[in-house]
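Working notes, beginning with the structure itself.
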Amino acid sequence: MPLPIENYALIGDLHTGCLVGTDGSIDWSCLPRFDSASVFGALLGDRDHGRWLVAPAEAGATATRRYVDDTFVLVTRWTTSTGVVEVTDLMPVGDRRADVVRRVTGVEGTVRMQEDLRIRFGYAAALPWVRQLPEGDETALVAIAGPDAVVVRGPHLTAADHTHAAEFDVAAGETVDMTFTWYPSHREPPTAPDVDAVLADTVRWWQAWAARSQEPSAYDREVRRSLLILRALTNEDTGGIVAAATTSLPESFGGSRNWDYRYVWLRDASMTLQALILHGFAEEAEKWRGWLLRAIAGDPADVQIMYGLAGERYLHESELEHLPGYEGASPVRLGNAAFTQYQGDIFGEVMVALHEARQLGVAESEYSWPLQRALMQYVEDNWTRPDNGIWEIRGEPQHFTHSRVMIWAALDRAVQGVEQFGLDGPVDRWRSLRDEVRAEVEEQGWDADRGTYTQHYGSAEVDASLLQLAQVGFVAPDDPRMLGTVAAIEHDLLQDGLLLRYRTESGVDGLEGTEHPFLTCSFWLAEQYARSGGVDDAVTLMDRLVGWCNDVGMLSEEIEVATGRHVGNTPQALSHLALVRAADAIGAALDARR
């Protein structure tokens with residue numbers, strides 16, 4: 001059985017990542033990209049679906065772990081009855097290879113270690129052909145199945161029942177290195193990485209990147225780790241930002257709300273970009289804009305809400321029936337059918353992010369503003385359509401208030417592009433339509449009896465996404481209409497002090513089952529408190545929220561409050577970028593009060 005979700009830590013190389021458990025097992029790894037098929041898939045089944053365990057052989061060994069400061073180099077310190085060892089796990093950055101490195105270092109005494117390697121290509125559908133090849137005085141294990149191959153180096157491994165295992169002793173001052181390298185099976189095995197060199201280079205790269213961040217005034221540790229996580233989820237080559245490193249971790253244990261998040265949502269990527277922009281990362285803003293230009297180039301009518309890491313359009317959803325799912329939560333899904341949906345809010349998120357990039361000083365390229373103009377033409381032609389909304393409902397499309405406000409935001413940023421930056425465009429037409437959209441929202445998206453904006457037109461329901469109305473400037477955070485909306489959201493959606501996205505009982509999403517409080521929405525509430533004069537309430541909520549971070553600062557999508565268990569795909573970009581926004585708002589409010 002896999003561990004609780006919060007017991008995993010991410011290591012990554014800016015192309016993909018691995019999840020390493022507190023038990024020393026890598027239970028999830030897709031190589032060479034986040035959206036590649038898994039090589040280790042125990043997270044969605046058991047150890048026979050693929051894992052790589054390196055840990056003391058002693059059953060009673062205990063562990064603590066940490067990242068080397070401002071990096072994704074994970075150090076797990078194991079204490080046994082005979083000694084202490086440290087296991088350093090990393091994926092080298094910058095070597096243009098898909099390597100996983102595990103170094104065992106003796107600290108005290110002598111510790112007997114065990115290695116258990118189960119390679120399962122193709123989401124555990126393909127057992128590899130394995131052979132040992134001589135390399136000087138040692139041997140390398142090579143495993144091949146179809147297009148995939150890996151070469152494993154380290155202590156000699158013995159085969160039994162599709163498993164390769166070893167035991168070895170590590171005394172104080174000794175070091176044992178293990179490396180695992182993916183490569184295309186039609187090529188020769190790559191040479192072994194120089195562990196000393198890649199370890200030093202990887203630490204240096206991450207720390208240099210983190211040093212570029214503008215220092216926050218509140219929640220420094222949590223913000224720095226969140227920014228690092230957002231960078232780790234960003235592809236070094238394409239600039240695409242995945243929503244999470246995993247697929248099908250359930251929103252309800254044992255349920256069917258299981259989705260593949262290893263793709264680039266325009267919404268999530270735009271919001272991530274905003275968080276990075278606020279902390280001075282102009283280079284990332286420019287790279288993401290390049291990804292966007294390539295992904296949505298062509299007819300604006302063909303724009304999708306999400307793409308592959310390199311802008312791939314076809315993300316057909318299928319079910320992997322041979323995988324039982326995390327703790328039996330099925331189906332396990334590959335791909336995401338939401339790519340076919342129309343979600344009007346994405347245009348607002350994209351235009352807001354690009355406007356903030358301009359404000360940061362990222363100059364428009366030959367194609368970037370023409371592309372935005374083309375998007376705005378599409379908005380003009382389609383803004384009245386019902387959509388599937390920010391939460392990608394699989395029920396009937398609705399006129400979601402949040403989506404309409406984001407349409408307003410798209411028009412507003414287009415107007416500002418002309419008025420503030422001298423860009424060329426039909427500003428009078430955009431301004432007129434912006435006012436028309438606002439009037440419609442105030443008329444049809446407002447419940448005068450309750451004094452709140454509504455989830456969608458004709459509904460008495462509210463939705464936590466309405467907290468974004470103040471974020472994009474549709475209303476001021478302390479406007480009576482916004483405060484009334486916050487009161488209604490608190491009344492309807494607070495569960496154990498944290499926010500649900502919406503009431504699943506309403507049936508709006510067309511799905512069975514329920515879900516847990518959504519971390520992003522709760523961070524949005526903390527931000528709203530801070531920006532509307534309630535900084536003490538914001539700090540109280542924020543302290544509770546950051547308390548849900550696991551021991552290495554990671555958050556998933558949701559929280560099971562009663563147990564503290566993480567729920568949903570992890571690490572979740574949306575959770576971490578909302579944490580950054582909330583911390584920034586609280587910091588500004590505290591500074592203003594001083």
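The values are calculated or read from the model by the stated rules, or taken from the named source; none is laboratory data. Values in this document were obtained by computation on a predicted structure and should not be read as measured data. With ideal geometry, Cβ positions are generated from the backbone for all residues, glycine too; neighbour counts draw on all protein chains shown.
The residues of segment 205-220 that are over 22 Å from residue 241 (Cα atoms) and either part of a loop (DSSP other than H, G, I, E, B) or under 19 Å from the mean Cα position of the chain (by Cα) (or both), listed by number, are 215, 216, 217, 218, 219.
Within segment 47-62, can you find the residues that are closer than 14 Å to residue 27 by Cα, hydrophobic (A, V, I, L, M, F, W, C) and touching a residue at least 60 places away in the same chain (Cβ under 8 Å)?
Across segment 47-62, the qualifying residues are 52, 53, 54.
For segment 255-289, filtering for residues that are touching a Pro at 6+ places or on another chain (Cβ under 8 Å) and of a type in the set (Asp, Glu) leaves 0. Within segment 31-44, the set of residues being touching a Phe, Trp or Tyr at 6+ places or on another chain (Cβ under 9 Å) and either surrounded by fewer than 24 Cβ atoms within 10 Å (Cβ to Cβ) or of a type in the set (A, V, I, L, M) (or both) comprises 31, 32, 35, 36, 37, 39, 42, 43, 44.
Looking only at residues in segment 36-62 that are touching a helix residue (DSSP H, G or I) at 6+ places or on another chain (Cβ under 6 Å) and in a loop (DSSP other than H, G, I, E, B), the one that is farthest from residue 103 (Cα to Cα) is 37.
Restricting attention to segment 529-563 and to residues that are over 30 Å from residue 481 (Cβ atoms) and among the hydroxyl-bearing types (Ser, Thr, Tyr), the residue that is modelled with the highest pLDDT turns out to be 556.
Yes/no per residue for (1) more than 17 Å from residue 39 (Cα to Cα); (2) at pLDDT 95 or above; (3) polar (S, T, N, Q); (4) surrounded by 20 or more Cβ atoms within 10 Å (Cβ to Cβ):
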| site | (1), (2), (3), (4) |
| --- | --- |
| 72 | yes, yes, no, yes |
| 96 | yes, no, no, no |
| 101 | no, yes, no, yes |
| 111 | yes, yes, no, yes |
| 138 | yes, no, no, no |
| 151 | no, yes, no, yes |
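For segment 560-594, the set of residues classified as crowded, with 18+ Cβ neighbours inside 10 Å and assigned to a loop (DSSP other than H, G, I, E, B) consists of 568, 569, 570, 571, 572, listed by residue number.
Residue count for segment 179-217 satisfying the condition of being hydroxyl-bearing (Ser, Thr, Tyr) and free of Cβ contacts under 8 Å to residues at least 12 places away in the same chain: 1.
Kindly indicate whether residue 318 is of a type outside the set (D, E, K, R) and free of Cβ contacts under 8 Å to residues at least 60 places away in the same chain. In short, yes.
Within segment 239-261, is there a residue that is farther than 30 Å from residue 288 by Cβ, aromatic (Phe, Trp, Tyr) and not in a strand (DSSP E or B)? Yes; the residues of segment 239-261 include at least one that is farther than 30 Å from residue 288 by Cβ, aromatic (Phe, Trp, Tyr) and not in a strand (DSSP E or B). Based on this model, can you work out whether residue 51 counts as among the basic types (Lys, Arg) and within 30 Å of residue 329 (Cα to Cα)? Here the answer is yes, as residue 51 does meet what is asked. Of all the listed residues (505, 512), the sole one being more than 23 Å from residue 267 (Cα to Cα), of a type outside the set (Lys, Arg) and assigned to a helix (DSSP H, G or I) is 505.
Within segment 522-559, can you find the residues that are of a type in the set (Asp, Glu), touching a residue at least 12 places away in the same chain (Cβ under 8 Å) and either buried (at least 19 other Cβ atoms within 10 Å of the Cβ) or in a helix (DSSP H, G or I) (or both)?
Once the filter is applied, which keeps residues that are of a type in the set (Asp, Glu), touching a residue at least 12 places away in the same chain (Cβ under 8 Å) and either buried (at least 19 other Cβ atoms within 10 Å of the Cβ) or in a helix (DSSP H, G or I) (or both), segment 522-559 yields 527, 557, 558.
Does segment 412-424 contain any residue that is under 19 Å from residue 468 (Cα atoms), acidic (Asp, Glu) and over 31 Å from the mean Cα position of the chain (by Cα)? No: zero hits.
Can you tell me which residue is farthest from the chain's Cα centre (by Cα) among those in segment 293-348 that are part of a loop (DSSP other than H, G, I, E, B) and among the charged types (D, E, K, R)?
Here the residue is 299.
Being touching a Phe, Trp or Tyr at 6+ places or on another chain (Cβ under 6 Å), without any contact (Cβ under 8 Å) to a residue 60 or more places away in the chain and surrounded by 15 or more Cβ atoms within 10 Å (Cβ to Cβ) holds for only one residue in 441, 427, 415, and it is 415. Filtered by the rule that a residue be touching a Gly at 6+ places or on another chain (Cβ under 8 Å) and within 30 Å of residue 319 (Cα to Cα), segment 124-173 gives 124, 126, 145, 146, 148.
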